[in-house]
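Inspection log for the structure reproduced underneath, given as structure tokens.
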Amino acid sequence: MRGLFTPVTKIRRQVFTEVAKFAFERPLDGEDFAYFYESSYRIIPGEVAKYRDSVFKERAIIRERTRLAMGLDMRPVGRHKNLTDEMSRAATGEKVLNLPLINVIPFACEACPTDKFEVTDNCRKCLAHPCTTVCPVNAISMGKTAAVIDHSKCIKCNRCLNACPYHAIVRYGRPCAEACGANAIGSDELGRAEIDQEKCVSCGLCITSCPFAAIADKSEIFQLVTAIRKKEEVFAAVAPSFVGQFGPLATPGKILAGIRALGISKVIEVGWGADVGSLHEAEEFLEQVPEHRDFLGTSCCPSWAMFAEKNFPEISENIAKTHTPMVAAAKRIKKERPNAKVVFIGPCVSKKIEALNDEIRPYVDYVITFEELMGLFSAKRIELNELEEEEFESQSSRDGRNYAMAGGVADAVVNVAKSIAPEREVQVMRADTLKECRKILTLAKAGKAKGCLLEGMACPGGCVGGPGTLLQIARAEKEVKAFADTSPYMTATDNPLEGLT
Amino acid sequence: MGKIIVEVCVGTHCTMMGAMNIIDSIHSLEEIQRELDEDFCEVEVRATPCRKLCGGEVNGPFVKIDGEEIQSAENEGVMAAIMSRCRSKNL
Ligand code: SF4
Ligand code: FES
């Protein structure tokens, strides 16, 4: 339900705010988590169920979501465990996040049918009944009042659906599985969605597509706030898609001020890291393609890179080994402030997995989304509009800021390549969503991407369509572009890439 | 043809509770009016800062339609209120 505010969105945000409030207000050395017994009642008050059949179930779901939002595992459904168990372990400024990152809350899942054809009330049992005539496996017969489909015969060819003059036949599937480009969603023994962690690349699209809010990822807001309150020096690296996410009055400068008002010492643009990445990838491309490597894939989206690695191992060597912009930015901070903690703030769930990687762990301490950040603002009652604008001290180029949009990454790399070797023609192939990514990777595997630069993004429209965003994609694009154009540097080559002061 | 003024609070709390989506849905009414070929009144949307109504028992978003306050506003309620206002103004 990307781009639409539904009760699902509301519940998710209320949980973040609950956890954030506690994180900011609790006694720092306290071990009392009774607050969370009340949380589910604050979010779901009264005795009448609003969202589901039972208010008890609604609250039970909130409780598991709360644990996930604190970075903890859910509790087993069939065994006793206290809600607050392990919460003291989560009450630290260190990383506690572990796998699995993305979780199906089993009893919240309604076990939607997987890809099924059904005859609806629209059926008038007409005389012609073309549905039966076109069915290649004779799966449709005329019942007493309507056509009946024999599911054991149906081969899902769509013919009946197209033939019915009353649009009486529908095909419906699981929203989560349909959103998943990695085909990672199967069923458990009760028919509920189950994520195959081997196949999952953590793009997070299932989270926003489940209409029952049954899927959630873990969050690190609790640890981040604890670190801030323990007076640790925390730096934030903000992804370029942040512009416009917090409402029309929250200008980039005010958002920056808001993040600092949380107690964060300094904020840098991840776009700066994008510039570093563009320079590397352009060089790599010019050096290697097509003599040593058929093509080069961009590296900034970890889900795309993981997807290529898992599904196209033969060609995954061609994905650039450059650090993602997040890592480049974090490395720069840690180089100058080895003891500072780094939080990446972005639209992305995938980066949460990336930051669990042993190589990246030392640089990125926490990853939170814009939506989670909104929960922090709300809990701390920060009114962005009332703050004085602040400025990023070292800026990223226009191209680095445009990394937020599908097409922006390839453009940035091409622009650098052009400035180094104006005579070279760089062909671009690009895709957003993993379904589309699969297509271009299939072409590449068949040798049809010779000499190309391949840009892949897991999210629709690129990072502006990430699961952790708050703004509708088309608007977000406009905002990102407008902000990009205010940069004093056009391309990564123009950026002096100064260090921190 | 009258003009309807809709003030949508886009402070932190109201934005978090879906204010931007309400603004989107108000803009989407223009399309409907074109499709229905209906005589419509002009709707002016104003994004307003926090009015300090939040933080208590009542949730946002807070939306004012021609001065009339709606609490815990939802897309459907806001759109319906605007539509009916438009229609009565056009009578
Ligand atoms: S497209 Fe962007 S937001 Fe989405 S998974 Fe990739 S890097 Fe993350
Ligand atoms: S944010 Fe809307 S009244 Fe405060």
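In table form, for the structure just shown:
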| quantity | calculated |
| --- | --- |
| Per-region count, region A:468-490, residues within 15 Å of the chain's Cα centre (by Cα) and within 18 Å of A:Ala431 (Cβ to Cβ) | 1 |
| Region B:1-17 - residue that is over 10 Å from the mean Cα position of the chain (by Cα) and within 11 Å of ligand 2 (Cβ to nearest atom) and, of those, surrounded by the most Cβ atoms within 10 Å (Cβ to Cβ) | B:Thr15 |
| Residue list for region A:219-249, restricted to those being more than 16 Å from ligand 1 (Cβ to nearest atom), in contact with a helix residue (DSSP H, G or I) (Cβ under 6 Å, 6 or more places away or on another chain) and either more than 14 Å from chain B (Cβ to nearest Cβ) or assigned to a helix (DSSP H, G or I) (or both) | A:Ile221, A:Phe222, A:Val225, A:Val234, A:Phe235, A:Ala236 |
| Selected residue (criterion: nearest to the other protein chains (Cβ to nearest Cβ)) from residues of region A:446-467 that are of a type outside the set (A, V, I, L, M) and more than 16 Å from ligand 1 (Cβ to nearest atom) | A:Cys452 |
| Residue that is small (Gly, Ala, Ser) and within 12 Å of chain A (Cβ to nearest Cβ), where the choices are B:Gly77, B:Gly55 | B:Gly55 |
| Matching residues in region B:24-43 - criterion: being loosely packed, with under 14 Cβ neighbours inside 10 Å and either within 16 Å of ligand 1 (Cβ to nearest atom) or more than 14 Å from chain A (Cβ to nearest Cβ) (or both) | B:Glu30, B:Ile32, B:Arg34, B:Glu35, B:Leu36, B:Asp37, B:Glu38, B:Asp39, B:Glu42 |
| Index of the failed condition, B:Arg46 passing every other in (1) at pLDDT 95 or above; (2) facing chain A (nearest Cβ under 9 Å) | (2) |
| Residue within region A:222-229 that is surrounded by fewer than 24 Cβ atoms within 10 Å (Cβ to Cβ) and of a type in the set (S, T, N, Q) present | yes |
| Flag for A:Glu291 being of a type outside the set (A, V, I, L, M), modelled with pLDDT under 95 and not in a loop (DSSP other than H, G, I, E, B) | no |
| Filtered residue count, region A:372-395, keeping only those that are within 14 Å of chain B (Cβ to nearest Cβ) and touching a residue at least 40 places away in the same chain (Cβ under 8 Å) | 13 |
| Residue in region B:58-74 that is nearest to the other protein chains (Cβ to nearest Cβ), counting only those that are of a type outside the set (D, E, K, R) and in contact with a Lys or Arg (Cβ under 8 Å, 6 or more places away or on another chain) | B:Phe62 |
| Per-region count, region A:294-315, residues more than 16 Å from ligand 1 (Cβ to nearest atom) and either among the aliphatic types (A, V, I, L, M) or assigned to a helix (DSSP H, G or I) (or both) | 2 |
| Hits in region A:102-133 - residues which are touching a Ser or Thr at 6+ places or on another chain (Cβ under 9 Å) and surrounded by 20 or more Cβ atoms within 10 Å (Cβ to Cβ) | A:Ile102, A:Cys123 |
| Residue identified as surrounded by fewer than 24 Cβ atoms within 10 Å (Cβ to Cβ) and either touching a strand residue (DSSP E or B) at 6+ places or on another chain (Cβ under 8 Å) or under 15 Å from A:Glu371 (Cα atoms) (or both) among A:Glu198, A:Glu194, A:Glu189 | A:Glu194 |
| Residue list for region A:297-314, filter: modelled with pLDDT of 95 or more and under 16 Å from the mean Cα position of the chain (by Cα) | A:Cys301, A:Pro302, A:Ser303, A:Trp304, A:Ala305, A:Met306, A:Phe307 |
| Number of the condition not met by A:His280 [criteria: (1) closer than 16 Å to A:Asp399 by Cα; (2) buried (at least 20 other Cβ atoms within 10 Å of the Cβ)] | (2) |
| Residue among A:Ala444, A:Ala474, A:Ala482, A:Ala449 that is part of a loop (DSSP other than H, G, I, E, B) and either free of Cβ contacts under 8 Å to residues at least 24 places away in the same chain or small (Gly, Ala, Ser) (or both) | A:Ala449 |
| Residue in region A:250-270 that is of a type outside the set (A, V, I, L, M), within 16 Å of ligand 1 (Cβ to nearest atom) and within 14 Å of chain B (Cβ to nearest Cβ) present | no |
| Matching residues, region B:39-56, being away from ligand 2 (no atom under 13 Å from the Cβ) and part of a loop (DSSP other than H, G, I, E, B) | B:Asp39, B:Phe40, B:Cys41 |
| Identity of the residue in region A:323-343, under 19 Å from the mean Cα position of the chain (by Cα) and closer than 16 Å to A:Ser299 by Cβ, that ends up nearest to ligand 2 (Cβ to nearest atom) | A:Met326 |
| Check on A:Thr208, outside any loop (DSSP other than H, G, I, E, B), within 14 Å of chain B (Cβ to nearest Cβ), of a type in the set (Ser, Thr, Tyr) and more than 16 Å from ligand 2 (Cβ to nearest atom) | yes |
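Residue-wise test of (1) in a loop (DSSP other than H, G, I, E, B); (2) in contact with a helix residue (DSSP H, G or I) (Cβ under 9 Å, 6 or more places away or on another chain).
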{"residue": "A:Lys435", "(1), (2)": "no, no"}
{"residue": "A:Leu453", "(1), (2)": "no, yes"}
{"residue": "A:Met490", "(1), (2)": "yes, yes"}
{"residue": "A:Leu497", "(1), (2)": "yes, yes"}
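Residue by residue, here is whether (1) within 18 Å of A:Leu205 (Cβ to Cβ); (2) within 14 Å of another protein chain (Cβ to nearest Cβ) holds:
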| residue | (1), (2) |
| --- | --- |
| A:Leu441 | yes, no |
| A:Ala444 | no, no |
| A:Thr469 | yes, yes |
| A:Lys478 | no, yes |
| A:Lys481 | no, no |
| A:Asp485 | no, no |
| A:Asp494 | no, no |
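The values are calculated or read from the model by the stated rules, or taken from the named source; none is laboratory data. These numbers come from a predicted model, not from an experiment. Every residue, glycine as well, gets a Cβ built from its backbone with ideal geometry; the counts of neighbours run over all protein chains shown.
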